[in-house]
Structure formats: structure tokens, C-alpha cells
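Working notes for the structure below.
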Amino acid sequence: MYKHILESAGNINWMAIFALGTFFFIFSVSAIMAFKSDKGKLNHMSNLPLQEDDPIVNS
Amino acid sequence: MSKIETFSYDNKIVRNFGVATAIWGLVGMLVGLIAALQLIWPEMNFTTQYITFGRLRPLHTNAAIFAFVGNGIFTGVYYSLQRLLKTRMFSDLLSKVHFWGWQLIIVAAAITLPLGITSSHEYAELEWPIDIAIALVWVVFGINMFGTILKRRENHLYVAIWFYIATWVTVTVLHIGNNLEIPVHMWKSIPVFAGVQDALVQWWYGHNAVAFFLTTPYLGLMYYFLPKAANRPVYSYKLSIVHFWALIFIYIWAGPHHLLYTSLPDWAQSLGSVFSLMLIAPSWGGMLNGLLTLRGAWDRVRRDPILKFMVVAVTAYGMSTLEGPLLSIKSINAISHFTDWTVGHVHIGTLGWNGMLTFGVLYWLWPRLYNTKLHSVSLANTHFWLGTLGVMFYAIPLYWAGWTQSMMWKKFTPDGFLAFGNFLETVTQIIPMYMIRALGGTIYLLGAIIMVYNLWKTAKAGTLVENVEASAPARETYKSHTGDHWHRWIERRPVQMLIFSTIAILIGGMVEVFPMLLIDENVPKIASVQPYTPLEIEGRDIYIREGCISCHSQMVRPFRSETERYGEYSKSGEFIYDRPFLWGSKRTGPDLHRVGEKYPHSWHYNHMYDPESMSPGSIMPAYPWLINQEINTAYTPAKVNVLKMLNTPYDDGYAERAVADLEAQAKTIADELRDQGIEQENLEQKEIVALIAYLQRLGTDIKPDPVTENR
């Protein structure tokens, strides 16, 4: 049945390859850029949750 | 240096959402527990039609997902967003509209679902007026969130906020996509898509409800509250960047793993499987990032119940995101699908990941909101152990039950017959596991009750700090520097973040869903498959109203163990008039796709009146009201008209004759019932007749003609 659908829909193999390619692109670019980024900025970003000072009575 | 500005954080809205989280959490868990007990003692609906398992199950799932976890999301988002951006929420009025609007939607769900008003799309059961209300409230939330982001004093958007943005945009797309429906009247609509297309769109939605409602916003909460509780920054901010982009891009593709071995085209199934397996990488990246945040603080985990809750939550996240991809492998799915294994899996996620993280966040927040100490750390520790044991006592028996039942379904005798030909044998075998599961649910609920008491006492001991004074430098206009890289650029630009996130999640949706919709004409048509008659339409709507889909599938998979038990495997061309599709996702009872003409009408009549009279030991509840209630034909012509508008090939003007046709068919069935010994006044007007008409039609369009077969 699926063969029939594939034939009828034309060549759709490109979709899977396109999807994989796009993912590879997004993953690679985000990984490369994340690891190339400035340490000072990353440090600032990762400390953002710890900056504000709500009263902490508990433990 | 910019001048320092003073402002205040709105804590009252955080408290309100927190209270709603706790209350709806108890309600959702209690409904789940009642539903679990009904699977042991079906009479626990007390012959009331409004609380049968079929109607309670969607109430439970909606309460757990949208009421408990939904309010949990908003609690965490409203607290963290203000502080991460160093500004008050954009509008207090919008915050209030959001809060009360969301609670009203929950109340509307709690009223309509027991009344049987349901679209039958899992986790999207609410009917169209409530769908519109959800969309409006969601937009209010979006305006409030983006307004806050735009008036921020902190240039950079912390990773938690990216997860919030991705959540908002994806839930918007999913909610619209899966609720494209045409109203028949105030409380009934018919979906635009049918059969295979409806199934694909539904599970594209269904899985991403898990992904973008139960996961991404909670990852945002993890990235904020875990560092807060541990008092140290996230282990690797770089990893969080990769985690975010990889996760939101891949997650959107995974939906078709809910439809393996069904009539969905194989290429879509394969895409779903492959992307599900790929999900292990970003999911475990996130889990490890969470756990490693506790490096050097593990000694505190021994003492601090908040960290204990968070560690178990993140571990449960890791376990369920390993298990999910494994269940997406076709050979494993062949065993797990339609069994309690799936139910166990999702509860590791909801009870373990969402529940435990919510508890940790509430315990962390409450003393701060009320400027006091937590009433009792030892009660929180007790809750932690009850919660952890509750999850284990819940999930382990269901893994056992799922595996046991699946093996029994598939077992053949040496002579080639099904070893357990009577489906009921495979149900009664796992009742003890259902009992232990209910015990696990009770333990978990008990822990949550202790938490509510503890939080209530904490609140009583302190005073709510409605507004927290704060100060921060005004936001500087950022000047770009040579060597700036793209991610720092995007971190400062929420609108671009929104656009990129949207593109990332749309790629998967478009590649998977669009071909299925565009090649609509190429779903193999089967000449003998005809539209439902008006009586069958009404019977089908009764089937939907009663939530039969909660326990019965309509999808015979192409396995010998299934074709032997049920008959010919299901073909996609058989569902082209099914709006909505009713394939189901769980077999507490047998598949019904080939039940048509299998039993006489009287069998169905007696079975619905008292299931045990036909199947001793059955855990199906009785449906005596179907015998007494009359078929509502007021909207039958409108239903026919909407179906015709959606290309169901009824003749022009057929709607005007629909009720007459319905009455004629009902009379025929009623006469046959009388011939089979059923005596009842005005039988032809009763709902049971419509339901019998529908059940007897199921799967019969392609049954081989016995005359031809014998020739």
C-alpha cells in the first residue's frame, strides 16, 4: 500500500534526506557556535538565575 | 553606566498559580485513582453514566496535563521570567485574565467531559467553544510573556526563556492544527481530516503535547529552579544551547511512533521511529546537564528534600526519554503497543518528571512567597519517599501487566491456534497488577495531600509578599562588536528567537503532515467502503460520547496473532469516512474493527446492559442508560450536511431524508432484536439500537462475500 502512495506522490525520498540534512545542519551549527562562544558571556548567562535576591529564610 | 531603576515583582500571581497547581493536582490524581479502581471493580461508577471509566479517563488526563502541569508551568514561568528579565510582568491585568481564564477552562472541561462532550482526540477532547477559549487565553499568556520580554532590563535571554518561547509557539501551532473542525452545534463538531490523515495529525499533536507541554516548559523550569535550589550555575551553558536546538527540532517529528504497524504509510512510520531514536541524544544531554549541576552539592541532596525531588525528577526524565525511543523501535512497539506498558511509561514521565519537579518547585517557592520557613522539612521528606515509592508501585506492575498481556495475545498452541483465544483471559490475568497500580496511585496521592497540608501550614505561618521590591540598571542599548557570533545576536532578539524556533518546529511538521494531506486522493480507495448511514452516525457519536475508545482499538495490525483473533488486518481505505478516526491507543478490551456481524444484535443488547451476562469476569461497566435513553435525531441532518461538505458522498438533499432513513433502519434492527427475544417498548427509539447499528457495521465493508468465498 505504501509503495502505491510513494509512487503516486512522486519522488518524496528527498523529504527524508532534507530532514536529516537540516537536522545535521542545525545540530552542527549550534554545537560549533556554542563551543566557540565567549567564556565571559557564557558565565554571565549561566549565572542569571542566581543574580536576584529574594528573601531566603528557609534552610 | 545606566541609572538604577526600582520596580517590583508580582508574587501574587505566582502564588495563585501555585495554589491552582496543588488543588488541581489533587483532583487529577484522585480522578486517576478512581479510574484505576474502576478497572478492578467496574461497578465503581455506581451505575451513573457521568463517571464511567470512558468518561473519567479523559478527565484524568486533561486534569493531569493541563490543570496540574499547566498551572505548574505558569507558576514557574511567572516567577522565573520576571527575575531573569529583571522586570515585572508586562500587565497585571493580563496575568489575572490568564489565571482566571485558564481555571474557567479547567472547570468547563470538568463539566463537559463527564457529560460525554468530547472530540475523542486524545488530550484534545474538549469541544470547539472551549478550544476557542483555550486559544484566546493562550494568546493572552503570549502577549503577557512577550510584552515582559520586550520591556526587560537584562539584555540576554537565559536558556529557560528559550524553552518558554518554543513552548508557546509550538503549542499554538499544535492546538490550531489538531482542532480544525466544523461545528454541528454548540457542543459537537466534526474534524476536517478523516481516517489516516486525522490519525497522523492527532498523533503529531498528541506526542507533541507530551513534548511541548510536559517537557520543554519543564526543562525551562529545570534550568532555572535546579541552579537556584543547588545555588550554583547550570553545569554547561554550551550544552544547554545544543540541548535546546536539537530537542525542539527533533521532537516535532516523533508523533508517528504512536501509529507503528497501523494503516499509516510506512515512510511516515519510519521517520517517526528514526527521529524518536535520535531524541535520546538531546534528552540525555539535558538530563546530564541537570544532574551535573549538582556537582559538588551531592552532600546537600542527602539533607534537602527539594533537591531530592529534583534529582528524582531529572532521573525520571532520563528514564522516560530512554524508554520512549526504545518503544519506538518497531519490534519493541509490536509488543508494547495497546498494552499497559505504555501507561506505565507515560506515568514515569508525569508522576516522576512533572510531578516530582513540581513538588520541588512548590517547596522551594512557598517559603519565599510567604517569607517564612517551610512548616516541616520532615513532612517534605516523608512526601518525597511516598512520591518515589508511589511511582515505583505504579509503574512496575504495569510493565509486568503489559508484557504479560502482550505475550498472552501472541501465544499460539503447537497446533497453530491462539493459546488464549478468549481475550478476557488476558485481562483477568493482570487484575492483580491493576490492584498494585492502584496502591501505587494511592501512595502517590497521599504524598501530595501531605504536601498541600505542609504548604498550607507554611502559608499560615507567614504573610504573602505580594510585591517584591527590586532594582536593576536600565537596559543598555547593545552595540555589536567585531567577533560577535550568531547566538549572542539571537539571545538579545526575542522576536528572531521566536521566528527561528517556529521554523525549527515547522520543518518536521510540514515534512510529515503535508504529504499525507496533499496526497489525499492517493489513499487507496476501496469501492465497497460506503459512508455511514444516519443511524450509524448517531451510534458512532454514542460510542464517542461513552469514551469506548479509552479501552477499545479499531486497528487490526498485520500480525498473525491479530488476524487470527480479530480477522483481516485494517486497510487505510476503510477509514476514509471516519471523522474522527477511532483507532484508539489502548486495549483494555478487545479490538472492535471487525466486530461487525460477529454476534447477533441481542448479544450486544445484553452485553451493554450487563457485560458479565455475556462475558463472566468482564471489567467493562454496564451501560443500562443506553437501553432507556432515546436517540437524539435533532442534529442528524446537520451532521449529514457537515459530512457532505467534507466530501462524504451523500446525495444532494439527503440530509432532509436522513431522519426517515434512520427511523427505517432502527425499526429493522428493533424487529430483529424482537425476533431474538428482546422485549421492550419503543425499542426502535432507543440509543442501544443506534449503537448496535454502528457496531454491526464496523469492518464489514471489506468482509469477503461468503457466497463468493465458497464458490
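If B:ASN155 passes every condition in (1) polar (S, T, N, Q); (2) within 14 Å of another protein chain (Cβ to nearest Cβ); (3) buried (at least 20 other Cβ atoms within 10 Å of the Cβ) but one, which one does it miss?
Only one criterion is unmet by B:ASN155, namely (3).
So B:ILE190 passes all but one of these: (1) among the hydrophobic types (A, V, I, L, M, F, W, C); (2) more than 13 Å from chain A (Cβ to nearest Cβ); (3) part of a helix (DSSP H, G or I). Which condition number does it fail?
Here B:ILE190 meets the rest and fails (3).
Report yes if some residue within segment B:435-448 is surrounded by fewer than 19 Cβ atoms within 10 Å (Cβ to Cβ), touching a Pro at 6+ places or on another chain (Cβ under 6 Å) and assigned to a helix (DSSP H, G or I); otherwise report no.
Within segment B:435-448, one or more residues are surrounded by fewer than 19 Cβ atoms within 10 Å (Cβ to Cβ), touching a Pro at 6+ places or on another chain (Cβ under 6 Å) and assigned to a helix (DSSP H, G or I).
Might you check whether a residue that is in a helix (DSSP H, G or I) and free of Cβ contacts under 8 Å to residues at least 40 places away in the same chain occurs anywhere in segment B:51-71?
Yes - at least one qualifying residue is present in segment B:51-71.
Can you find even one residue in segment B:528-546 that is within 14 Å of chain A (Cβ to nearest Cβ) and buried (at least 19 other Cβ atoms within 10 Å of the Cβ)?
Looking for residues that are within 14 Å of chain A (Cβ to nearest Cβ) and buried (at least 19 other Cβ atoms within 10 Å of the Cβ), one finds none in segment B:528-546, hence no.
State which residue is farthest from the chain's Cα centre (by Cα) when the search covers only segment B:232-247 and only residues that are closer than 16 Å to B:ARG300 by Cβ and more than 7 Å from chain A (Cβ to nearest Cβ).
B:ARG232
Would you confirm whether any residue within segment B:176-183 is surrounded by 24 or more Cβ atoms within 10 Å (Cβ to Cβ) and closer than 24 Å to B:GLY272 by Cβ?
Yes.
Taking only segment B:71-101 into account, find how many residues are under 16 Å from B:ILE130 (Cα atoms) and surrounded by 24 or more Cβ atoms within 10 Å (Cβ to Cβ).
Residues in segment B:71-101 being under 16 Å from B:ILE130 (Cα atoms) and surrounded by 24 or more Cβ atoms within 10 Å (Cβ to Cβ): 1 in total.
Taking only segment B:475-494 into account, find how many residues are at pLDDT 70 or above and either within 11 Å of chain A (Cβ to nearest Cβ) or surrounded by 12 or more Cβ atoms within 10 Å (Cβ to Cβ) (or both).
The number of residues fulfilling the criteria is 3.
Can you list the helices (runs of 4 or more DSSP H) lying wholly within segment B:232-314 that have 2 or more residues being buried (at least 23 other Cβ atoms within 10 Å of the Cβ)?
By residue number, B:237-251, B:266-278, B:280-292.
Looking at B:THR339, B:THR404 in this structure, which one is buried (at least 19 other Cβ atoms within 10 Å of the Cβ) and among the polar types (S, T, N, Q)?
B:THR339
Is there any pair linking a residue in segment B:309-320 that is more than 9 Å from B:GLY360 (Cβ to Cβ) to one that is of a type in the set (Phe, Trp, Tyr), with Cβ under 7 Å and at least six apart or on different chains, and which?
B:ALA316/B:TRP353; B:TYR317/B:TRP353; B:GLY318/B:TRP284; B:SER320/B:TRP353
Evaluate segment B:201-208: report whether one residue or more is farther than 15 Å from B:TRP253 by Cα and either without any contact (Cβ under 8 Å) to a residue 12 or more places away in the chain or out of contact with any Ser or Thr (no Cβ under 8 Å at 6 or more places or on another chain) (or both).
no
The values are calculated or read from the model by the stated rules, or taken from the named source; none is laboratory data. Just so we're clear, the structure is a prediction, and the values are computed from it rather than from any experiment. Glycine also receives a Cβ, built like all others from the backbone with ideal geometry; neighbour counts cover every protein chain displayed.
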